[in-house]
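A short worksheet on the structure shown next.
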Amino acid sequence: MKKIFAALLFGVFFIPFVHAIESFVVKDIRVEGLQRISAGTVFNYLPIKVGDTLNEKYSQEAIRALFKTGFFKDVRLERQGNVLIVTVVERPSIGNVKIDGTKELSEEDLKEGLKQVGLTEGRIFNKSLLDKVGQELRQQYFSRGYYAVNVKSTVTPLERNRVAINIDVTEGRPAKIREINIVGNHRFSDKKLRKLFTLGPKPWYAFFSKRDQYSKQKLGGDLERLRNFYQDQGYLEFNIDSTQVSITPDKEHIFITVNITEGNKFTITDFKLSGKFVVPEEELRGLVTIKPGSIFSRKAVTETTKKISDHLANNGYAFANVNAIPDIDKKNSQVSFTFFVDPGRRVYVRRINFSGNIATRDEVLRREMRQLEGAWYSSKKIQRSRTRLNRLGFFESVNIETPAVPGSPDQVDVNVSVKERPTGNFLFGIGFSDVQGVLLNASITQSNLFGTGKQLSANVDTSDATKSISVNYVNPYHTPDGISRGFNVFSTRIDAAQANIAAYDTETTGAGIFYGIPLSETHRLNVGADIERISIKTTTSSAQVAQDFVAKHGASNNMLRTTLGWSFDTLDNILFPTKGSIQRLSLELTVPGSDIEYYKINYLAGRYWPVSARTSFKIKGEVGFGDGYGGTDNLPFFKNFFAGGSRTVRGFDPRSLGPRDTLPPNNPIGGDRRILGNMEFLFPVPGTTQEQKSMRLSAFVDAGMVYGPGEKLDMGELRYSTGLAFNWLSPIGPLSFSIAVPLNDKPGDDTQSFQFTLGVPLR
């Protein structure tokens, strides 16, 4: 009907005019009525050129062509001698667009959407497009439950043939879900099925919940969750027959009705594999998770197809397709599956390309890649490569894409894009630590020296408890196969009384060398040696343990110390891990013949389990013990283990748990054995997005105790605490703040609720 009406208008207004022009040869063309649009633009669209013969047919084509541009609301053709006069009336342009009253939807996002459809400043104004935008805006609000929304558009003329567009939105209150009714369920109760829905009436105690705010997208997700639940319980033919969303006349309450057909519960009778087997069939059979006689589960079938696809992808078949084809016996409620395997072509990697690494050299990224150029494609190796790049700690994000090479069905490229984070800093500051009191600090740290991946740091600290200077250097790839080598030089003076432990002074100087040897992707061996000289200064008011040690071994001692360690590490990130596990076993031993002979053994084990896309659960335990040997009776007191504080058992004073000195004021002296435990639930800071990974919160429970020589290892003496922690990967390094409450503190225990630490990995 609209097309007929338009044709009639064209015939009424233009056909008589066209007949009025007799055929003539155009000697010149003149355009009149232009304001913003250039004459060249008109000539570009005008199908008539100088020298052409203008007749009725060409006149109609010219008018159509100019109207089709959308620039004009009127076009006329006239003749003056042999000159063609083209007279136009331009449509107004959009001077500005303003949107008022939007809270649920961002004005910036809305303007970006309007820009995509052409409703933006400088573009030609089209009223029909404005009406369409208004309808689309209402639909977006309706999908969010705002059924009382009112959208009003105002067009105001401006000078120079422009218009101002103002879109005024009155959102109103969102309609609340009053009830969700499920019709047709016999196997499961309404209460059980409603628990699957993220939508529904809001509980009285959930003040800030939006559970009762309707969303079309959320309802779609809930219905899919309902379908998955039934099909995982064996109901293969489960069906959602219809869904009705009704709103009360006052547009304040919504009722949702879901009509379902449960069907019968199906059992699996058999399965078989078919298609092309490019790997032994027995390997694929071992990946099938469904068993004959078991209840049908959609999840198990999906898991099987994924395992087979992943296995083929790890063998170079990047585009393998596995389909589970059911053979349904409705009469007996039984089903068998045929897993049809189509491996496609075997694919190899043509090139590995890096982008986003402005400071970091390509070779630093390339040596972490386990997928190699020219080798068969392996999804497992690509995923491992991504994990290793993340574990460097140089990047905020690492993304890997594997596009097919145009014209080569058996090749892909691996495109690695990274977003770098600052890896070096120079700091000079005054601060306060819950362990060392007031401190002055100056440090230069670069964990990615000149983009080579090498680490260099120089540190000077002065505080009430510690004065130290140290220089450390590590080359993580001293050899091409990943053997690392490092050096350190240090000098430290400690006033133990200021560190909240028994009174004595120590001055330690030394230097060392250490190596890291990779045994596999996840196992590593660490060896090192250093020369250390320690001087102990005591007075009559010093701790008894310090006085006794000096009386027996003297005030100055030289040690040649060796270290040996083994680690197993599958954590997905070196700074903010969310999954994987870690184990470390370390031995510190002085070489026989040193002035002091002792050993210390420490073992740590921890694991992270992802709970959801942004939450995880962590559990960690640590045990350590040490002793003297040869001419040294016990573990030297200045090598003792300590517990309490932000790095061990939060809620208790730093290094306060365990044995105390026999002399007043009976300060902590540590012990030769230690037990630590920790459980944490890690979750994002409210209001942050999934891409913002520099902050997180945790709820934790800590446990620990230190035992002295001759003391019984009594687990009943463990101290426990619980609280909340905030971890932040700040520009100056990892920061952790905690507020903790001791659960079983005893008389004589020193407690401390608020604690923090800087520079310790948040894992």
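The values are calculated or read from the model by the stated rules, or taken from the named source; none is laboratory data. Values in this document were obtained by computation on a predicted structure and should not be read as measured data. So basically every Cβ, Gly included, is an ideal-geometry build from the backbone, and we count neighbours across all protein chains shown.
Numbers at a glance
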item	result
Residue tally, condition part of a helix (DSSP H, G or I), touching a residue at least 24 places away in the same chain (Cβ under 8 Å) and not hydrophobic (A, V, I, L, M, F, W, C), over the stretch 387-398	3
Failed item, numbered, when D548 is tested on (1) in a loop (DSSP other than H, G, I, E, B); (2) free of Cβ contacts under 8 Å to residues at least 24 places away in the same chain; (3) not small (G, A, S)	(1)
Any hit, the stretch 548-567, residues being of a type in the set (D, E), out of contact with any helix residue (DSSP H, G or I) (no Cβ under 7 Å at 6 or more places or on another chain) and exposed (fewer than 15 other Cβ atoms within 10 Å of the Cβ)	yes
I531 in contact with a strand residue (DSSP E or B) (Cβ under 9 Å, 6 or more places away or on another chain), at pLDDT 90 or above, over 30 Å from G580 (Cα atoms) and of a type in the set (A, V, I, L, M, F, W, C)	yes
When residues of the stretch 153-186 are limited to those that are outside any strand (DSSP E or B) and more than 27 Å from I256 (Cα to Cα), the one modelled with the lowest pLDDT	R160
Counted residues, the stretch 135-152 - those being surrounded by 16 or more Cβ atoms within 10 Å (Cβ to Cβ) and in a strand (DSSP E or B)	1
Strands (runs of 3 or more DSSP E) contained entirely in the stretch 262-381, each with at least 2 residues that are of a type in the set (G, A, S)	267-275
The lone exception for Y214 - which of (1) over 20 Å from I254 (Cα atoms); (2) under 30 Å from the mean Cα position of the chain (by Cα); (3) aromatic (F, W, Y) it fails	(1)
Qualifying residue in the stretch 257-277 (condition: among the hydroxyl-bearing types (S, T, Y) and within 34 Å of the chain's Cα centre (by Cα))	no
Pick from the stretch 583-610, criterion more than 21 Å from L560 (Cα to Cα) and hydroxyl-bearing (S, T, Y), ranking: surrounded by the fewest Cβ atoms within 10 Å (Cβ to Cβ)	Y603
Number of positions in the stretch 669-697 that are farther than 28 Å from N602 by Cα and either of a type in the set (S, T, N, Q) or modelled with pLDDT of 95 or more (or both)	5
Selection from the stretch 357-386 of residues that are touching a residue at least 40 places away in the same chain (Cβ under 8 Å) and among the polar types (S, T, N, Q)	N357, T360, Q371, S378, S379
Any hit, the stretch 353-361, residues being among the basic types (K, R), under 28 Å from the mean Cα position of the chain (by Cα), in the same structural domain as I400 (by TED's automatic domain parsing) and surrounded by fewer than 19 Cβ atoms within 10 Å (Cβ to Cβ)	yes
Any hit, the stretch 141-149, residues being under 30 Å from I290 (Cβ atoms) and more than 36 Å from the chain's Cα centre (by Cα)	no
Only listed residue being exposed (fewer than 15 other Cβ atoms within 10 Å of the Cβ) and not in a strand (DSSP E or B), chosen from T578, T539	T539
Selected residue [under 30 Å from L119 (Cα atoms), more than 60 Å from the chain's Cα centre (by Cα) and either surrounded by 14 or more Cβ atoms within 10 Å (Cβ to Cβ) or at pLDDT 80 or above (or both)] from R64, R76	R76
Test: residue in the stretch 621-643 that is farther than 30 Å from A551 by Cβ and small (G, A, S)	yes
Pairs, first within 15 Å of F340 (Cβ to Cβ) in the stretch 296-321, second in a loop (DSSP other than H, G, I, E, B) and of a type in the set (D, E, K, R), C-beta under 6 Å, six or more apart	Y317/R346
Residue match in the stretch 85-106 (condition: surrounded by 18 or more Cβ atoms within 10 Å (Cβ to Cβ), more than 29 Å from V163 (Cβ to Cβ), touching a strand residue (DSSP E or B) at 6+ places or on another chain (Cβ under 9 Å) and not small (G, A, S))	no
Scope the stretch 588-600; condition touching a Ser or Thr at 6+ places or on another chain (Cβ under 7 Å) and either outside the structural domain of N558 (by TED's automatic domain parsing) or assigned to a strand (DSSP E or B) (or both); matching residues	E588, L589, Y598
Which listed residue, of G286, G275, is among the small types (G, A, S), closer than 30 Å to V412 by Cα and surrounded by 14 or more Cβ atoms within 10 Å (Cβ to Cβ)	G275
Any pair with Cβ under 6 angstrom, 6 or more apart, that starts in the stretch 34-57 at a residue that is within 22 Å of I124 (Cα to Cα) and outside any loop (DSSP other than H, G, I, E, B) and ends at one that is modelled with pLDDT under 85 and not basic (K, R)	Y45/T69
Selection from the stretch 94-114 of residues that are more than 29 Å from the chain's Cα centre (by Cα) and either at pLDDT below 80 or over 26 Å from N150 (Cα atoms) (or both)	L114
Residues of the stretch 310-337 satisfying the condition of being farther than 21 Å from L372 by Cα and either surrounded by 16 or more Cβ atoms within 10 Å (Cβ to Cβ) or under 34 Å from the mean Cα position of the chain (by Cα) (or both)	N321, V322, N323, A324, S333, Q334, V335, S336, F337
Check on T538, β-branched (V, I, T) and closer than 23 Å to L724 by Cα	no
The stretch 722-735, subset at pLDDT below 90 and under 20 Å from P610 (Cβ atoms), residue surrounded by the most Cβ atoms within 10 Å (Cβ to Cβ)	N727
Residues (in contact with a Leu (Cβ under 8 Å, 6 or more places away or on another chain) and assigned to a strand (DSSP E or B)) located in the stretch 88-109	V88, E90, I94, G95, V97, I99
